[in-house]
Amino acid sequence: MQDTGREILSAKSGFLVLRLERVPCIAANVLKQEILARGGDCAVHRDCVTLDAEHSGALLMGTRAQVGDLVEKLQAQDFGLPDVADEISALLSNIDRRPSPVALRGHTLPIGERTLVMGIVNVTPDSFSGDGLGDDAAAAVEQARRMVEEGADIVDVGGQSTRPGSEPVSPEEEIRRVIPVIERLSRDARLPAAISIDTNRAEVARAALEAGAHIVNDISGLRDDPAIAQAVAAHGAGLVVMHIQGTPQTMQKNPHYDDLLGEVIGYLRRSMRVAEMAGIPRERVWVDPGIGFGKSMEHNLELLNRLDELRSLGCAILVGTSRKSFIGRLLAPLYGGDAPAPAERVTGSGATVALSIARGASVVRVHDVRHTVEVARIADAIVRS
């Protein structure tokens with residue numbers, strides 16, 4: 001089938017379910033009538049139908065062709081409908097956007113062409129996964145080199161544990177741990193990989209970028225220290241913004257959500273807005289749903305199953321599930337009821353990587369690089385075919 005015919009049939013057959021929030025009730029009622037006239041449907045709050053409320057959420061359902069025709073009609077309406085049309089158009093544009101290779105400080109990452117693998121280098125004494133290297137810079141450099149030999153595209157260097165219940169170290173200590181490692185890696189001509197700094201502090205991010213890092217990976221999504229965005233923009237670096245509920249000290253104390261995906265996406269959208277205001281182009285921002293960071297096992301499974309909904313943000317998606325406790329809990333019945341140690345969760349981690357790729361992940365952050373590279377190679381062959 002020719003490309004033109006494929007596009008026409010895809011628009012007619014591809015079904016969309018779009019959720020809109022705080023739509024003026026008059027606009028919501030018009031929205032409902034217009035999409036019904038095109039063969040779709042729209043659910044609004046019952047009080048909106050009788051105009052007993054000012055605003056309503058709206059669940060818009062229709063084919064791509066129906067929604068596209070609706071947008072054109074809304075642009076010529078009143079009652080705030082042009083604004084609704086703009087929001088729908090932006091959402092459709094984000095869904096269509098696909099990651100493409102990006103240059104970060106002279107280093108080009110082939111994101112979009114295949115799944116990228118980010119190897120974890122913990123320069124900490126208390127990593128949950130049992131692979132913390134303390135402040136042994138030589139061991140960290142050697143581990144990073146081994147990961148690159150195994151196929152890692154990025155090495156993520158962290159000097160502060162973020163395991164549940166962990167206590168923060170001082171910025172000075174964090175800098176003392178990570179900068180010698182980043183400096184040695186950035187000077188290594190044999191290291192054809194990007195370097196990432198895992199930190200939520202602007203002063204650490206600036207020191208790492210000055211030492212040669214290409215990416216800042218912020219678990220707080222710019223919430224803890226928004227000045228990270230200015231540092232990233234000034235150096236032409238990449239930025240990962242992650243969702244977290246609470247802090248590492250409190251995040252696993254009965255995490256609760258009224259609307260899991262809505263709250264995660266809303267949080268990440270605010271992070272992206274901060275990055276944009278700092279001047280960071282969207283193609284240099286990746287979003288991470290924060291598996292295990294203020295999430296129950298059920299939350300983690302739902303996020304992975306609905307990962308493709310993060311495409312509505314228009315950014316590449318990074319996922320980090322490697323060796324995490326929910327994998328241990330799921331595997332416990334196979335180990336006599338006790339969760340296997342983190343290092344024994346390699347196969348379970350691989351399953352989450354494969355499914356994340358199928359749901360739209362572009363980057364996976366892992367401890368076991370060689371195994372993950374093999375998983376990603378097969379998953380890519382299936383998904384990208």
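The values are calculated or read from the model by the stated rules, or taken from the named source; none is laboratory data. Please read these numbers as outputs of a predicted model, since none were measured by experiment. FYI the Cβ positions are ideal-geometry reconstructions off the backbone, even for glycines, and counts take in every protein chain you see. In case anyone asks, the SASA skips ligands and DNA or RNA and just uses the protein heavy atoms, side chains included. Shrake-Rupley method; radii C 1.70, N 1.55, O 1.52, S 1.80 Å.
Residue-level check: of (1) open to solvent by less than 40 Å² (accessible area, probe 1.4 Å); (2) modelled with pLDDT of 95 or more, C25 misses just (2).
Any idea how many residues of the stretch 74-88 are touching a helix residue (DSSP H, G or I) at 6+ places or on another chain (Cβ under 7 Å) and open to solvent by 50 Å² or more (accessible area, probe 1.4 Å)? Break it down into steps so the answer makes sense when it comes.
Of the stretch 74-88, the ones touching a helix residue (DSSP H, G or I) at 6+ places or on another chain (Cβ under 7 Å) are 74-75, 77, 79-82, 84-85, 88.
Now narrow it down to the ones that are open to solvent by 50 Å² or more (accessible area, probe 1.4 Å): 75, 77, 79.
Result for the stretch 74-88: 3.
Kindly provide the set of residues from the stretch 336-385 that are in contact with a Lys or Arg (Cβ under 9 Å, 6 or more places away or on another chain), open to solvent by 50 Å² or more (accessible area, probe 1.4 Å) and under 22 Å from L307 (Cα atoms), ordered by number. Hits for the stretch 336-385 are R359, R377, R384.
Evaluating R223 against the criteria (1) open to solvent by 40 Å² or more (accessible area, probe 1.4 Å); (2) over 25 Å from S271 (Cα atoms) leaves one unmet condition, (2). Scanning the stretch 172-207 for residues that are in contact with a helix residue (DSSP H, G or I) (Cβ under 6 Å, 6 or more places away or on another chain), open to solvent by less than 30 Å² (accessible area, probe 1.4 Å) and not hydrophobic (A, V, I, L, M, F, W, C) turns up E174, T199.
Given the structure, is A231 over 29 Å from V375 (Cα atoms) and either assigned to a helix (DSSP H, G or I) or in contact (Cβ under 8 Å) with a residue 40 or more places away in the chain (or both)? Talk me through it step by step, then tell me what you get.
Working: over 29 Å from V375 (Cα atoms): yes; either assigned to a helix (DSSP H, G or I) or in contact (Cβ under 8 Å) with a residue 40 or more places away in the chain (or both): yes.
Yes.
On the basis of being under 25 Å from Q252 (Cα atoms) and either in contact with a Pro (Cβ under 6 Å, 6 or more places away or on another chain) or at pLDDT 95 or above (or both), does R359 make the cut? Spelling it out, it is not the case that R359 is under 25 Å from Q252 (Cα atoms) and either in contact with a Pro (Cβ under 6 Å, 6 or more places away or on another chain) or at pLDDT 95 or above (or both).
Can you list the helices (runs of 4 or more DSSP H) found entirely within the stretch 292-385 that contain at least 2 residues being under 17 Å from D153 (Cα atoms)?
Values: elements: 297-305, 325-331, 346-358, 369-383.
Ranges flagged: 346-358, 369-383.
Annotation: L239 fulfils all but one of (1) crowded, with 24+ Cβ neighbours inside 10 Å; (2) in a loop (DSSP other than H, G, I, E, B); the unmet one is (2). Might you check whether a residue that is free of Cβ contacts under 8 Å to residues at least 12 places away in the same chain and of a type in the set (D, E, K, R) occurs anywhere in the stretch 307-327? The answer is no, given that none of the residues of the stretch 307-327 is free of Cβ contacts under 8 Å to residues at least 12 places away in the same chain and of a type in the set (D, E, K, R).
Take D131 and decide whether it is within 23 Å of P248 (Cβ to Cβ), modelled with pLDDT under 95 and either in contact with a Cys (Cβ under 7 Å, 6 or more places away or on another chain) or open to solvent by less than 40 Å² (accessible area, probe 1.4 Å) (or both).
Numbers: within 23 Å of P248 (Cβ to Cβ): yes; modelled with pLDDT under 95: yes; either in contact with a Cys (Cβ under 7 Å, 6 or more places away or on another chain) or open to solvent by less than 40 Å² (accessible area, probe 1.4 Å) (or both): yes.
Answer is yes for this residue.
Taken together, the residues in the stretch 242-283 that are closer than 20 Å to I215 by Cα and in a helix (DSSP H, G or I) amount to 12. Scanning the stretch 110-127 for any residue that is hydroxyl-bearing (S, T, Y), surrounded by fewer than 18 Cβ atoms within 10 Å (Cβ to Cβ) and modelled with pLDDT of 95 or more turns up nothing.
A quick yes/no check of all residues on (1) at pLDDT below 90; (2) closer than 24 Å to L310 by Cβ; (3) more than 29 Å from the chain's Cα centre (by Cα); (4) acidic (D, E):
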| residue | (1), (2), (3), (4) |
| --- | --- |
| E21 | yes, yes, no, yes |
| L31 | no, no, yes, no |
| R46 | yes, no, yes, no |
| E54 | yes, no, yes, yes |
| G62 | no, yes, no, no |
| A65 | no, no, no, no |
| Q77 | yes, no, yes, no |
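Among the residues in the stretch 277-290, are any surrounded by 14 or more Cβ atoms within 10 Å (Cβ to Cβ), aliphatic (A, V, I, L, M), more than 18 Å from the chain's Cα centre (by Cα) and at pLDDT 95 or above? Yes, because at least one residue in the stretch 277-290 is surrounded by 14 or more Cβ atoms within 10 Å (Cβ to Cβ), aliphatic (A, V, I, L, M), more than 18 Å from the chain's Cα centre (by Cα) and at pLDDT 95 or above.
Residues checked against (1) loosely packed, with under 15 Cβ neighbours inside 10 Å; (2) among the small types (G, A, S); (3) out of contact with any Gly (no Cβ under 6 Å at 6 or more places or on another chain); (4) modelled with pLDDT under 95:
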| position | (1), (2), (3), (4) |
| --- | --- |
| V264 | no, no, yes, no |
| R273 | yes, no, yes, no |
| L310 | no, no, yes, no |
| G320 | no, yes, yes, no |
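Tally up the residues in the stretch 151-190 that are over 24 Å from the mean Cα position of the chain (by Cα) and either assigned to a loop (DSSP other than H, G, I, E, B) or over 23 Å from G320 (Cα atoms) (or both), please. The total comes to 17.
Just name the residue that is farthest from G39 (Cα to Cα) out of those in the stretch 50-73 that are open to solvent by less than 40 Å² (accessible area, probe 1.4 Å) and in contact with a Ser or Thr (Cβ under 8 Å, 6 or more places away or on another chain). Among them, the one singled out is V71.
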